[in-house]
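Below is one structure, written out as structure tokens; the observations come after it.
The values are calculated or read from the model by the stated rules, or taken from the named source; none is laboratory data. If you're wondering where the values come from, they're calculated on a predicted model, not measured in any experiment. Quick reminder, even Gly has a Cβ in these numbers, built from the backbone with ideal geometry, and neighbours come from all protein chains shown.
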Amino acid sequence: MKIVKLSEVNGSEHDINSENWRSRRLLLRKDGMGFSLHDTIIRAGTETFIWYKNHLEAVYCIEGKGEVETTEDGKVYPIEAGTVYALDKHDKHLLRAEEDMRMVCVFNPPVTGKEHHDENGVYPLIEDDDE
Ligand code: 9YT
């Protein structure tokens, strides 16, 4: 039996901050569960292009609101507290937060914790030609 507290993950090496989001990794591959579990905040006013080509992800919004657009077909789905979206086709998507959105995310296969620095499939949307 293992107990993990968000209060202990906060500020640790498993608390990852990027411009558009902050993700606290509660369970990772090393925990041996077959999935990873994340408590993620998508920051208000941001738009993030995401493609998890190697992972399936389910995302449960528990606070805030925004929308997700699947870029292959241009469909837009509103997200609010109580909404789950499941990327069952490794869908490329744009995630937009109108308010800070708090998401409980599950990945299969589990994230190891190293993907952030290379190939997690998360790429910020470059909006400025000079960047
Ligand atoms: C909403 C979403 O896709 N969250 C992913 C978690 C985050 N990118 C992480 O922990 O790397």
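Just a few scattered comments:
- Of everything in segment 48-91 that is free of Cβ contacts under 8 Å to residues at least 12 places away in the same chain and basic (Lys, Arg), the residue that is farthest from Phe107 (Cα to Cα) is Lys75.
- Close pairs from segment 18-47: first without any contact (Cβ under 8 Å) to a residue 40 or more places away in the chain, partner part of a loop (DSSP other than H, G, I, E, B), Cβ under 6 Å, at least 6 apart: Leu26/Val4
- Evaluating Lys89 against the criteria (1) touching a strand residue (DSSP E or B) at 6+ places or on another chain (Cβ under 7 Å); (2) more than 14 Å from Gly113 (Cα to Cα) leaves one unmet condition, (1).
- Restricting segment 34-92 to residues that are outside any loop (DSSP other than H, G, I, E, B) and acidic (Asp, Glu), the residue that is surrounded by the most Cβ atoms within 10 Å (Cβ to Cβ): Glu57
- Segment 84-99, residues that are away from the ligand (no atom under 12 Å from the Cβ) and over 14 Å from Trp51 (Cα atoms): Glu98, Glu99
- Matching option when the condition is within 15 Å of the chain's Cα centre (by Cα), at pLDDT 95 or above, farther than 15 Å from Met103 by Cβ and not hydroxyl-bearing (Ser, Thr, Tyr), among Glu63, Glu69: Glu69
- The numbered conditions (1) within 12 Å of the ligand (Cβ to nearest atom); (2) at pLDDT 95 or above are all true for Thr48 except (2).
- Within segment 27-45, being within 12 Å of the ligand (Cβ to nearest atom) and more than 19 Å from Ala86 (Cβ to Cβ) holds for Leu28, Ile41, Arg43.
- Residues of segment 102-126 that turn out to be more than 8 Å from the ligand (Cβ to nearest atom) and either modelled with pLDDT of 70 or more or assigned to a loop (DSSP other than H, G, I, E, B) (or both), as a count: 14
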